[in-house]
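Step one of this worksheet: look at the structure below.
The values are calculated or read from the model by the stated rules, or taken from the named source; none is laboratory data. If you're wondering where the values come from, they're calculated on a predicted model, not measured in any experiment. Because the Cβ atoms are built from the backbone with ideal geometry, glycine has one as well, and the counts that use them run over all protein chains shown. Accessible surface is based on the protein model in full, side chains and every heavy atom, while ligands, DNA and RNA are left aside. Shrake-Rupley method; radii C 1.70, N 1.55, O 1.52, S 1.80 Å.
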Amino acid sequence: MKLFSWLAGITLLCGMPLSAFDLTAGKTLPVIVLPEKAEPSTVLAAKELSEYVKKVSGKTLSVVQGKSDAEKQIVLGTLDTVKEAPPALLKKLRDGKKNEAFVIAAKGGRLYILGKKRVAELYGTYQFLEDKLGVRWLKPATPSDSGEFIPANENISFPDFELYREPWFTRRKLDQCGSYWNVIPKNSIAWAVRNGFQAPPPYGSRPDKNKEFAEFFLPRTPDEVLSGGGGHTTFSKAVPAELFKTHPEYFSLLDGKRTLFDGGHQCYQYCISHPEVQQRLADYILSQIEKYGSDKAGYLFGMADTSVGWCECAECRKLDRSDKYNYLNVTNRFHTVVQKIAGKVYEKRPDARLYVWAYHTYREIPKDVKIDPRMEVQYCIHGRCYGHKLDDPECPRNAKQYSLLKDWLKLSPTIYTYEYFTCTPPLYVPHERTQAHDLKLYKKLGIIGYKEEASFPDSKLIGNNQEQRKEIFPSCWQWLYVTGKLLWDPDLNVDEVLADAESKYYGAAYPAMKKYHDLRRKLWENGANDMGYPTGDQRSATLLNTPGSKEALLGYLAEAEKLAGSDKILLHRIGLDKTWLEKYWIKPNEVFKSKFGNAFRAPRANGPVVIDGDGKDPAWAGAFYTDAFKETFTDAHADIPAPLKTTVGILSDDRNLYFLITALEPQPGKLKAAAEKDGPVWGEDGMELFLYPPTAANTYYQIAVNTKGTVFDAICPGSNAKYDLGAEVKTKVLDDRYVMELKVPATKIGPFERGALWRIHFARNRKIKDEGFAGNYSIDGAGYHDTIAYRALEIGSPYLRNGSFDDVKDGKALFWTTDKNAEFIRKGNGYAAYFKNGGSCYQLLTDPALWQSKTPRKISVSLKASGAKTLNLNFLRYSDTPDPKAKHGYTRKFLPTVKVAEFPLEKEPKIFTAEYTIAPDEWAGLLLQSYFEFTLDDVSVKLIK
Ligand SMILES: [Zn+2]
Ligand SMILES: [Zn+2]
């Protein structure tokens with residue numbers, strides 16, 4: 001190319017400033033110069049670069065291959081292909097640790113975008129477009145919205161600079177899943193690569209075999225994520241099913257017979273101890289490496305996606321290193337064999353790229369097995385909870401996963417995770433901040449990367465819920481976007497990345513949408529429930545329990561619509577948020593509330609609660625709330641009038657109960673609050689609380705608080721004010737309400753740990769005289785000291801469900817199995833179980849902490865009962881043993897019932913307690929039984945640690 005050389009000469013004479021690079025601001029445009037033997041990724045980089053320069057500036061850059069004499073050049077390429085570049089830049093790349101390292105530099109009329117290996121220069125080009133042109137790829141494109149942010153700038157120019165980058169995590173994979181492999185979701189994959197992900201072709205497919213695949217995937221896929229096969233099909237190609245006729249000994253021995261056991265998708269179960277099976281697989285992997293090269297044919301060791309059908313031959317069983325057959329834990333067998341085969345491969349090809357799964361039935365730490373340090377372990381973090389941070393010790397699911405993962409890191413230095421977030425599935429879940437925390441943790445632990453199953457909306461999905469699955473990525477776009485960025489640099493400030501992305505996405509409507517997403521994230525991050533495969537999302541449906549949250553979110557959306565004016569794209573984007581809020585938060589919350597029973601709960605606070613009368617601590621977003629106030633002393637017991645709406649939030653920690661009271665008040669100037677501590681506070685404007693722990697003396701406690709925060713506390717019955725409970729209280733009176741925040745040291749007055757069952761009551765006293773307002777309001781309109789009418793209060797999440805018998809439907813107590821003659825009698829606003837001629841109540845202990853397990857667990861049972869003679873506390877027991885041939889995968893053996901206690905009943909209800917130890921390998925069910933009349937209430941189970 002000599003055409004412009006004379007022109008370039010003139011420009012030089014004019015004295016072009018060497019300290020800046022005029023991309024489109026100068027008289028001449030630079031030429032994009034590709035190497036003679038340009039990689040497909042370099043060609044794509046040039047195409048993307050000129051396309052986006054045109055979108056931003058309206059000007060078109062030309063592209064030449066080979067040599068160019070143009071004065072201004074953009075040099076694209078890799079270490080292998082670029083011939084002329086400043087030696088210092090090339091050295092930086094050579095010294096780079098990661099193949100995807102790139103360097104961008106503007107110097108002396110040249111702009112270099114160079115990658116260490118192919119595709120790195122493409123990542124560099126996207127970085128350049130973001131940094132210097134301000135382009136963003138925010139949400140994968142749809143027909144009505146490109147999802148891009150393109151600032152207009154006719155004259156792009158920037159001072160000389162140099163930037164070197166390499167990704168922190170080597171593995172940053174979005175693997176196409178649950179869809180037909182031969183339809184390429186081009187939009188989504190292009191988006192993913194632009195944001196730094198690796199989005200390789202579907203597992204085991206060779207892109208070089210098919211023209212369309214080659215054209216699309218090769219420019220975008222680094223060598224190291226190209227697969228040579230394996231996974232569920234690990235043995236299928238090396239030991240095909242046809243061999244069953246001539247070599248049945250290669251396949252599983254089941255019930256004494258060699259069987260072609262299909263574990264799904266024509267992946268079979270093999271006799272993996274057989275030397276020929278091992279040799280065949282080693283030979284197959286070596287043949288793949290021969291064919292494609294070791295850098296382009298990594299192999300992943302796994303097994304068919306099934307827990308059953310494992311070979312029972314003596315040689316395979318020997319590898320299990322256990323006398324007791326447990327097909328749910330074949331980790332020793334699997335990893336021993338894999339290491340043996342890997343050893344054979346490495347012997348011939350030390351450069352082989354091999355991976356192994358720690359998955360499902362082979363995820364426990366194998367005994368006496370060394371994982372070859374050259375192998376990468378793909379740790380399937382199946383079962384973790386994404387509602388909580390991975391290192392949150394309060395989330396039992398994550399505590400288990402975190403500790404197992406750390407044990408694996410001792411066994412292998414190169415581990416990356418196989419995530420299950422998208423298969424939960426997440427719908428409109430603001431997971432970004434938790435994700436940021438976890439990736440920082442991954443960095444600290446030395447984990448080398450991350451792989452997530454990708455449900456690309458433009459792929460051809462297989463199976464159920466397709467419409468919903470198509471909304472996973474679009475409705476969680478912020479999570480996906482920041483994850484791409486954080487995988488390159490986990491130290492980024494996630495809030496800054498979000499502010500940058502959302503301000504560009506929502507434009508003029510951002511101020512309102514910022515408030516909207518801030519509140520959504522606050523509600524999500526302080527929710528108490530778990531979220532993650534296989535139990536699903538148990539959190540989203542509860543988030544709008546926080547009073548006023550739904551109204552606030554809808555209010556921000558309305559404000560955003562106003563700010564958007566007539567901008568169609570913005571209105572479309574705000575409309576999507578509105579649709580998702582409706583579909584995935586509001587509707588599920590309505591269903592949740594309609595099923596909700598009578599019992600109140602005191603969830604564990606997810607963070608500190610400062611008693612300042614503000615109620616602003618994030619932990620309050622995870623509280624239980626009630627507003628069930630009614631007139632107390634009228635016949636109608638009408639609902640509290642809307643102008644006086646009163647809400648109580650409840651939380652707990654190891655020692656305390658916390659209450660947040662918000663009482664609307666139209667005339668705050670007239671509030672009466674003059675009493676002194678333990679004076680007649682209950683005769684003023686304010687609130688009363690009644691706490692009734694399960695105590696033998698049937699003692700309960702009264703706390704009255706006026707709007708200045710003055711407290712009257714007393715032990716009841718009798719309201720003896722000499723007793724001091726030591727509650728901490730702060731109040732605030734605002735223009736339209738008063739707010740009270742209380743901390744009550746609960747351990748002081750009763751058994752207070754997870755599983756305990758208390759009774760509780762709240763009342764509001766109003767002394768201001770208004771026409772039509774009653775003056776006294778309480779929960780259900782129940783009398784202040786009518787203890788049998790108090791609602792149940794479950795501390796933490798209960799180990800036994802509906803122990804208060806307050807949740808009764810169609811004459812049956814939920815979660816209990818009772819005799820036909822059981823009656824559920826109304827006792828105040830709750831229920832108790834009543835048996836006129838004796839009978840029994842049964843409930844299996846189904847809390848995960850009490851499931852059949854290897855360790856014994858001591859529990860204590862507490863209940864309240866009255867009756868004619870005695871009540872027996874028994875435990876029904878059974879044991880499940882894994883059995884691959886049984887219908888549900890196990891056989892059940894029933895064990896003799898144990899009688900734990902015989903409680904002497906009286907006419908007046910009394911509290912009884914007893915202890916029992918759940919033996920190892922047993923399930924336990926609690927059975928309460930008597931042959932004579934009895935009344936039973938408030939049964940609770942606690943775990944003794
Ligand atoms: Zn075998
Ligand atoms: Zn959790």
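Quick notes on this structure:
- Among strands (runs of 3 or more DSSP E) entirely within the stretch 598-660, having at least 3 residues that are open to solvent by less than 20 Å² (accessible area, probe 1.4 Å) and over 23 Å from residue 710 (Cα atoms) singles out no element at all.
- Selection status of residue 97, within 15 Å of residue 488 (Cβ to Cβ) and surrounded by fewer than 16 Cβ atoms within 10 Å (Cβ to Cβ): yes
- Single match in 318, 344, 340 (criterion: open to solvent by 10 Å² or more (accessible area, probe 1.4 Å), away from ligand 1 (no atom under 16 Å from the Cβ) and charged (D, E, K, R)): 344
- Residue 364 being surrounded by fewer than 21 Cβ atoms within 10 Å (Cβ to Cβ), among the acidic types (Asp, Glu) and either without any contact (Cβ under 8 Å) to a residue 12 or more places away in the chain or within 26 Å of residue 241 (Cα to Cα) (or both): no
- Evaluation of residue 50 against (1) more than 19 Å from residue 222 (Cβ to Cβ); (2) open to solvent by 60 Å² or more (accessible area, probe 1.4 Å); (3) in a helix (DSSP H, G or I) (one fails), failing number: (2)
- Screening the stretch 64-79 for residues that are out of contact with any Pro (no Cβ under 9 Å at 6 or more places or on another chain) and at pLDDT 95 or above and picking the one that is most open to solvent (accessible area, probe 1.4 Å) gives 79.
- Residue check, residue 528 of a type in the set (Gly, Ala, Ser), part of a helix (DSSP H, G or I) and at negative phi: no
- For the stretch 396-410, the set of residues classified as open to solvent by 10 Å² or more (accessible area, probe 1.4 Å), out of contact with any helix residue (DSSP H, G or I) (no Cβ under 9 Å at 6 or more places or on another chain) and away from ligand 2 (no atom under 16 Å from the Cβ) consists of 407, 410, listed by residue number.
- For the stretch 411-429, filtering for residues that are outside any strand (DSSP E or B), more than 16 Å from ligand 2 (Cβ to nearest atom) and closer than 24 Å to residue 473 by Cα leaves 5.
- Some residue of the stretch 937-945 being open to solvent by 30 Å² or more (accessible area, probe 1.4 Å) and either within 21 Å of residue 821 (Cα to Cα) or out of contact with any strand residue (DSSP E or B) (no Cβ under 6 Å at 6 or more places or on another chain) (or both): yes
- Residue 882 vs. criteria open to solvent by less than 50 Å² (accessible area, probe 1.4 Å), within 32 Å of the chain's Cα centre (by Cα) and closer than 30 Å to residue 259 by Cβ: yes
- Any hit, the stretch 132-142, residues being among the polar types (S, T, N, Q), farther than 30 Å from residue 413 by Cβ and surrounded by fewer than 22 Cβ atoms within 10 Å (Cβ to Cβ): yes
- Odd one out for residue 377, checked against (1) open to solvent by 60 Å² or more (accessible area, probe 1.4 Å); (2) more than 16 Å from ligand 2 (Cβ to nearest atom): (1)
- Top-ranked residue of the stretch 262-299 - restricted to ones that are surrounded by 18 or more Cβ atoms within 10 Å (Cβ to Cβ) and in a loop (DSSP other than H, G, I, E, B), ranked as nearest to ligand 2 (Cβ to nearest atom): 263
- Among the residues listed as 498, 519, 543, the single one being within 16 Å of ligand 2 (Cβ to nearest atom), assigned to a helix (DSSP H, G or I) and within 21 Å of the chain's Cα centre (by Cα): 543
Residue-by-condition table, conditions (1) touching a helix residue (DSSP H, G or I) at 6+ places or on another chain (Cβ under 7 Å); (2) open to solvent by 10 Å² or more (accessible area, probe 1.4 Å):
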residue: 202; (1), (2): no, yes
residue: 220; (1), (2): yes, yes
residue: 223; (1), (2): yes, yes
residue: 237; (1), (2): yes, yes
residue: 244; (1), (2): no, yes
residue: 251; (1), (2): yes, no
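- Among residues of the stretch 109-140, those that are in a loop (DSSP other than H, G, I, E, B) and in contact with a helix residue (DSSP H, G or I) (Cβ under 6 Å, 6 or more places away or on another chain), counted: 7
- Whenever a residue of the stretch 269-286 is of a type outside the set (D, E, K, R), its partners that are open to solvent by 40 Å² or more (accessible area, probe 1.4 Å) and more than 15 Å from ligand 1 (Cβ to nearest atom), lying with C-beta atoms within less than 8 angstrom and at least six residues away or across chains, give the pairs 278/344; 279/344; 282/344; 284/237; 286/348; 286/349.
- Test: residue in the stretch 819-829 that is over 31 Å from the mean Cα position of the chain (by Cα), within 26 Å of residue 325 (Cα to Cα) and either not assigned by TED's automatic domain parsing to the domain that holds residue 694 or not in a loop (DSSP other than H, G, I, E, B) (or both): no
- Residue that is open to solvent by 10 Å² or more (accessible area, probe 1.4 Å), more than 18 Å from residue 577 (Cβ to Cβ) and of a type in the set (Asp, Glu), where the choices are 453, 419, 471: 453
- Complete set of residues in the stretch 325-337 that are away from ligand 1 (no atom under 11 Å from the Cβ) and more than 18 Å from residue 255 (Cβ to Cβ): 328, 329, 331, 332, 334, 335, 336
- Members of the stretch 671-696 that are charged (D, E, K, R) and open to solvent by 20 Å² or more (accessible area, probe 1.4 Å): 672, 676, 677, 678
- Tally of residues being over 30 Å from residue 185 (Cα atoms), outside any loop (DSSP other than H, G, I, E, B) and among the charged types (D, E, K, R) across the stretch 211-261: 4
- Within the stretch 726-740, residues that are over 19 Å from residue 656 (Cα atoms) sit with their Cβ atoms under 9 Å from residues that are assigned to a strand (DSSP E or B) and acidic (Asp, Glu), at 6+ positions apart or across chains, in these pairs: 732/741.
Residue-by-condition table, conditions (1) assigned to a loop (DSSP other than H, G, I, E, B); (2) not hydroxyl-bearing (Ser, Thr, Tyr):
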site	(1), (2)
309	yes, yes
312	yes, yes
325	yes, no
336	no, no
342	no, yes
352	yes, yes
374	yes, yes
386	yes, no
390	yes, yes
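- Filtered residues of the stretch 697-719 (kept if crowded, with 18+ Cβ neighbours inside 10 Å, among the small types (Gly, Ala, Ser) and over 42 Å from the mean Cα position of the chain (by Cα)): 714
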